[in-house]
Amino acid sequence: MEIEKIFKEAQDFLPINGTDYIEMYVGNAQQAAYFYRSAFGFQLKAYSGLETGNKTTVSYVLEQDKIRLVLTSSLVKDGPVNTFVNAHGDGVKVVALWVDNATKAWEETTSRGAESYLEPKTVSDENGSVVFSGIHTYGETVHIFVERSAYKGVFLPGFKAISDGFKTEPIGLKYVDHIVGNVKLGEMNKWCQFYEKVMGFTQLVSFDDKDISTEYSALMSKVMSNGNGRIKFPINEPAHGKRKSQIEEYIEFYNDAGVQHIAVATDDIIHTVSELRRRGVQFLNVPAVYYDTVTERVGEIDEDMKRLKELNILIDRDEEGYLLQIFTKPLVTRPTLFFEIIQRKGAQSFGKGNFKALFEAIEREQELRGTL
Ligand SMILES: [Fe+2]
């Protein structure tokens, strides 16, 4: 597969076609699946569990356009999923990447210093075969490389197509725009170098605590991208503020570095967010004053500002255009993982102009949790 390279500096040792799937380890996959189907409009596609011969874990595979979410729970005592959930709560274990050659992806990355998680192996069923391999990244998170060109099944060998008659209306989520990792104090550069040296990514932008600080909290962030721009991984680390930053709060509750948020793209954020709100999803609220000055900052936009304000959608502009974005409150028990909904109208950045307004909103939530 040839996909145009847009960031020439990226070495791209392993061409990546896109995000293959995101797997979360959760306490109760059945109920988590119901939540993402009901609230986020994902469709149930595939299943693995006792009925398919899997005696240790149960997984539900959900889909919406190009996004695949896998929710996995343990069927046994003291398995790896239990250990993970015990330490981190529900969270992202696997960010799987779709490659043309999983063996080469493993060789290119491990030879450059990646720690192996899974040596290349081929798994087959009546629908063909898939080659997998995997490496460790920050915290207990891993990347699995998936080579699926010889596979025609619904997801992966070992999964069967499933339908239970419960249909929910999709809400217009299209693809994974970016996945953000929170790493420990002083480790941002180490992980950015990992993505550059081991994965062949390039750095797009960086923010420091002058960009992203409020009275109390601050963070530093760099965005790493592969050559075709389909994989973007911002990496955050806490910066010193007067009180505890949201990144520190995350690391304290997650007990490690890990995925902080998954940003998913839509072509109609007003529709998507209206539906999410109607279905009970909670978002961070920015103060109404945010909208008093927003037009000065971003200029003319196509959308009805009144609707954006009602829905609390944020707007930011860069040299290439503008973007609309909103952040959910944490979707799991601990104040850790959340989702971002983003609509890009030319802008390729990440909403730097919104950070201050947003962090003030996050701090109000932290204050309520007593963790500021
Ligand atoms: Fe984001």
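No lab work stands behind these numbers, since they all come straight from the coordinates. None of these values were measured; they are calculated from a predicted model. Quick reminder, even Gly has a Cβ in these numbers, built from the backbone with ideal geometry, and neighbours come from all protein chains shown.
Annotations for the structure displayed:
- Given R0 = 41 Å, the distance between the Cβ atoms of Asn255 and Lys55 translates into a calculated FRET efficiency of 0.90.
- Relative contact order of the chain, defined on C-alpha pairs under 8 angstrom at six or more residues apart (%): 16
- 222 nm mean residue ellipticity, helices alone, for the chain (DSSP H n ≥ 4; -39,500 (n - 2.57); rounded to 500): -6500 deg cm²/dmol
- The stretch 173-369: relative contact order as a whole-number percent, Cα under 8 Å and 6+ apart: 23
- By the rule of a C-alpha distance below 23 Å, with chain neighbours fewer than 8 residues away ignored, the lysines paired with Lys55 are Lys45, Lys77, Lys93, Lys121, Lys160.
- Gain upon complete extension [Ile3, Asn189; 0.36 nm per residue less C-alpha separation]: 64.1 nm
- Packing order of peptides 282-289, 71-78, highest average first: 71-78, 282-289 (average count of other Cβ atoms within 10 Å over each peptide's residues).
- Formal net charge of residues neighbouring Arg334 (Cβ-Cβ distance under 14 Å; K, R +1; D, E -1): -4
- Whether the stretch 30-187 is rounded, prolate or oblate, judged on the alpha carbon gyration tensor where a/c under 1.5 counts as rounded: rounded
- Annotation: the antiparallel percentage among DSSP beta bridges lying fully within the stretch 88-203 is about 75.
- The local environment of Ala263, defined by Cβ-Cβ distances under 9 Å, has a net charge of -1 under the rule Lys, Arg +1 and Asp, Glu -1.
- For the stretch 116-126, 3J(HN,Hα) per residue [Karplus equation, 6.51 cos²θ - 1.76 cosθ + 1.60, θ = phi - 60°, Hz, x = Gly/Pro]: 5, 9, 8, 5, x, 8, 9, 10, 10, 8, 5
- Other residues whose C-beta falls under 15 angstrom from the C-beta of Lys152 contribute a net charge of 0, scoring Lys and Arg +1 and Asp and Glu -1.
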